[in-house]
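**Q** For reference, the structure I am asking about is given below.
Just so you know, all these numbers are worked out from the coordinates, no wet-lab data involved. As the structure is a computational prediction, the values presented were derived from the model and not from experiment.
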């Protein structure tokens, strides 16, 4: 069993800094590229807008660990589905 105390939680969100500081959250803000490269679990929780359209594309999927989990709670094409199917 894994203890949550040993988990390292990072976030890649351009507007997260004020919330992290205000609530003294134990989060580290890092670039998306680092999240893709290092994370075992990636949870997408964003709105669809021009900057999030196909945020997870072929290149992003290729950068992820082969055993990583991608959890998508977004509405709309934040994940490029054909690229995801190719990775399966």
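**Q** Quote the relative contact order of segment 40-88 in percent (integer), defining contacts as alpha-carbon pairs under 8 Å separated by 6+ residues.
**A** 52 percent
**Q** Further question on the same structure: If you take the Cα atoms of the chain, find Rg, then find the Kirkwood Rh from the mean of 1/r over all pairs, what is Rg/Rh?
**A** The Rg/Rh ratio comes out at 0.98.
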